[in-house]
Amino acid sequence: MDRARDSFRPGISSYTTQVAADNAGTVNFDRSCLGIREVNKREAMTVICWFRRVLRLDDHPALVAAAEGGPVIPLVILDPAEARAHPASAQRQAMALPDLDAALRRQGSRLIVRRGDPDAVLSAMIRDSGARAVHATQGLPFATDDGLAAAVEGAGARLHLHPPADLIPRGSVLTGTGTRFKVFTPFWRALRKGSIADPLPAPRLSLPMSWPASDGLDWPEARAAMNRGWDVVARHVQAGESAAHDRLDAFLDRLDARYGTRRDTPSDSDATSGLSDALAVGEISARRLWHRAMNAQAHGIGGVEDFLRELAWRDFARDLFDATPNMGRTCWKSEWNDFPCSGDGPEAEAWRQGRTGVALVDAGMREMFATGRMHNRVRMIAASYLVKHLMIDWRVGLDWFARCLTDWDAASNAMNWQWVAGCGPDASPYFRVFNPDTQAAKFDGKHRYRDHWLKPGAQGAADFAAAAPRSWVLDHHPAPLIDLDRGRQRALDAYARFRR
Ligand SMILES: Cc1cc2nc3c(=O)[nH]c(=O)nc-3n(C[C@H](O)[C@H](O)[C@H](O)COP(=O)(O)OP(=O)(O)OC[C@H]3O[C@@H](n4cnc5c(N)ncnc54)[C@H](O)[C@@H]3O)c2cc1C
């Protein structure tokens, strides 16, 4: 059924700068696009477009601006440090590159890949190509861009940073008193009241006179860091811009009013869009998702409003992270930095390896290791178990998720971990301790999800065994690390002492 589709498919179209109509409402979401007209009106000089975690042609403000500036060298930088810190995310990006290269080649262009530290790579590329401008997407948080401009200018070019085509430019949705929102629901209401800028069509690129040398599309450091996991995770990944649009089409075809409840069932893989990894590596923009979903709503499809609300959580996280860039390291509510908890150790290792003896937690940890993803509700339960039942520092969990998730996003990961730990903005209260067994009975009543990942002989269990490092202990029925009631009481007692 083609009920929710509109005519858009990613591809090449002649470029017209789009500046969304002034919202005439309370919120101006579209400031971000206004700069595009002004950028680079100078003579046709080769420019570099750095595809910085935005691995698409559609709705790519940096690419649109670069295309206006002159012949474009499309560049991807594979940073070994990034591969070591976030191997699954690096694998996910590497897997998207062939599709991006193919899309560029369809219009005579190509992807130039360079491995190394971004500052050094950009300097070398500017020297090699004689480019006078570099267009790239803003870092998250903005602060990560500090050294970049100096490196680019030192090599003789200018750096132009562009917004990432999130729903809203960061810092543009503000409270009545002009401050950023700290609570999601009013943020959502304000966002919903305004209009979201239209996505930009893919630009037609003009070609440079010659092409600089390129490394291959492979990312050896990511492959090494993923070790045995690479091949297993790869089977669960559908990479590339066109695959992301296919997934969106399929999701909108099956979306209905049950989305809000179905999304909590871990064994129901069709319940949600499964697009968080595509969003994280920029194969599709949040704005494109928004407008496609709105179009579906206009055709009478149910569930859209709930879906848009989920999507807005991503922008909320990015907005918070931008305002508090150390959110991945320190508690947003600073008093929580003194909360007593343990660091890394054998219990954290058992949690990482899916051997806590709590079936839903272990199933989730295995799912993440073997596929690079974990169902959202199970993420909440596995995270809560670590910080509350085991009383282990939330940063131990955040770091592991950052290594294993193909949809790793610094802002979403930090906000959600702080939400679970009770120390973040709009956080779940610490005394709300999920009971993983009760949650399992409610959301996995037929054991489908747990059996898939834990039952010897099941496909998920086999995938996990194939991906796990050889040093890991594969124990299908480990003894519980702690009795759930005792763990809960221990956490509540610690909380009561902390509050005194
Ligand atoms: C401890 C913890 C860590 C997490 N770390 C990440 C992370 O690193 N990267 C990441 O993308 N998501 C993270 N999430 C949020 C969420 O689990 C995933 O985005 C989710 O599994 C998306 O699946 P989907 O695309 O099928 O969701 P859908 O239901 O289709 O939702 C659509 C989109 O909304 C956004 N979204 C939904 N829920 C959230 C949320 N709670 N926070 C932020 N955005 C949301 C995602 O971009 C998602 O793709 C984390 C959640 C928890 C509890």
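Rounded to the nearest 0.05, the FRET efficiency derived from the C-beta distance between residue 473 and residue 210 at R0 = 60 Å is 0.65. Each of residue 193 and residue 462 was given a label point 7 Å from its Cα along the Cα-to-Cβ line. The distance between the two points is 5.5 nm. With a cut-off of 20 Å on the backbone N, the residues of region 199-232 near the modelled label site 7 Å out from residue 246 along Cα-Cβ are 231-232.
So, R0 is 56 Å and r is the distance between the beta-carbons of residue 257 and residue 45; what FRET efficiency does that work out to, to 0.05? Write out the running numbers ahead of the final one.
Numbers: r = 53 Å, r/R0 = 0.95.
Between residue 257 and residue 45 the formula returns 0.60.
May I ask you to compute the full-extension gain from residue 179 to residue 107, defined as 0.36 nm times their residue separation minus their alpha-carbon distance, rounded to one decimal in nm? Before the final figure, lay out the partial values.
Details: separation 72, 0.36 × 72 = 25.92 nm, distance 4.47 nm.
Answer, rounded to one decimal: 21.4 nm.
The simple spin-label model puts a point 7 Å past each Cα toward its Cβ; for residue 270 and residue 124 those points are separated by 4.8 nm. Taking 30 Å as the straight-line reach from the Cα of residue 182, the lysines in range (excluding those fewer than 8 positions away in the same chain) are 193, 333, 388.
The peptide list 360-371, 112-123, put in order of mean Cβ contacts within 10 Å with the highest first, becomes 360-371, 112-123. Helices in the chain, meaning DSSP H runs of at least 4 residues, each add -39500 (n - 2.57). Divided by all residues, the mean residue ellipticity at 222 nm is -13500 deg cm²/dmol. Once you put a point 7 Å from the Cα of residue 344 and another 7 Å from the Cα of residue 144, both along the Cβ direction, what distance in nm separates them? Computed distance between label sites residue 344 and residue 144 equals 2.1 nm. For residue 158 and residue 455, the difference between the fully extended length at 0.36 nm per residue and the C-alpha to C-alpha distance is 101.3 nm. Using a cutoff of 8 angstrom between alpha carbon atoms and counting only pairs six or more residues apart, the relative contact order for region 334-499 works out to 29 percent. At an R0 of 41 angstrom, the distance between the Cβ atoms of residue 306 and residue 218 translates into a FRET efficiency of 0.55.
Indicate the gyration tensor shape class of the chain (rounded, prolate or oblate), computed on the Cα atoms with a ≥ b ≥ c the square roots of the eigenvalues: a/c under 1.5 is rounded; otherwise a/b larger than b/c is prolate and the rest oblate.
Working: a/c = 1.65, a/b = 1.51, b/c = 1.10.
Prolate, since a/c reaches 1.5 and a/b exceeds b/c.
Residues whose amide H falls under 5 Å from that of residue 133, counting only those 5 or more places apart or on a different chain, are 48, 158, with hydrogens built in the peptide plane.
Every number in this text was worked out from the coordinates using simple rules, so none of it is lab data. As the structure is a computational prediction, the values presented were derived from the model and not from experiment. Heads up, the Cβs are rebuilt from the backbone with ideal geometry, glycines too, and the neighbour counts pull from every protein chain shown.
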